[in-house]
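Read through the structure below, which is laid out as structure tokens, and then see the notes.
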């Protein structure tokens, strides 16, 4: 099953979208995938149970039990880990950016925002002994999220469509580099 199929058909991602429809603070499916990807890459990932608590403040509203959600989270974490760890395949971020769509207003920006949410929750563990390398690798994620577009350090990047497009193309490779960097320390 591809990432896109998991995103469209998977119970977990449907439950995330259901939560996002009723609570604007909740992660939707796209943000959820970014969040889970960051958990896989993290040097100190949360357990599936902890992730479930963060992602679902009211699990009953999803129509699934906490055990079902936790099992789905565990399965998707394994799936993402396998994608990042497979030398013969490219890591796929399951979003589509329309040709005339602004990157900072796209699903890719949402995916990056979800990724950053998990990173920020564990920032000290992420930065560890590799602060400079991690910061450099996270720059495209931070820029593409649009969360910092108005900050002086990001304004020039955010206004450079060509640079943002280059960052978007390189993002799957950046995820693999981050994954390998974090594994080198463990």
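The values are calculated or read from the model by the stated rules, or taken from the named source; none is laboratory data. Note that this is a predicted model, so its numbers are computed, not measured. Don't worry about glycine lacking a Cβ; one is built from the backbone with ideal geometry, like all the others, and counts go over all protein chains shown.
Key figures for this structure:
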{"item": "Residue list for region 43-71, filter: in a helix (DSSP H, G or I) and within 16 Å of the chain's Cα centre (by Cα)", "result": "48, 51, 52, 54, 55"}
{"item": "Any hit, region 13-32, residues being under 16 Å from the mean Cα position of the chain (by Cα), surrounded by fewer than 18 Cβ atoms within 10 Å (Cβ to Cβ) and touching a residue at least 40 places away in the same chain (Cβ under 8 Å)", "result": "no"}
{"item": "Close pairs (6 angstrom Cβ cut-off, 6 or more residues apart or separate chains): modelled with pLDDT of 90 or more in region 54-65, assigned to a loop (DSSP other than H, G, I, E, B) anywhere", "result": "55/27"}
{"item": "Per-region count, region 69-90, residues closer than 21 Å to residue 55 by Cβ and either out of contact with any helix residue (DSSP H, G or I) (no Cβ under 7 Å at 6 or more places or on another chain) or buried (at least 18 other Cβ atoms within 10 Å of the Cβ) (or both)", "result": "13"}
{"item": "Of all residues making up region 6-25, the number that are modelled with pLDDT under 55 and closer than 18 Å to residue 74 by Cβ", "result": "2"}
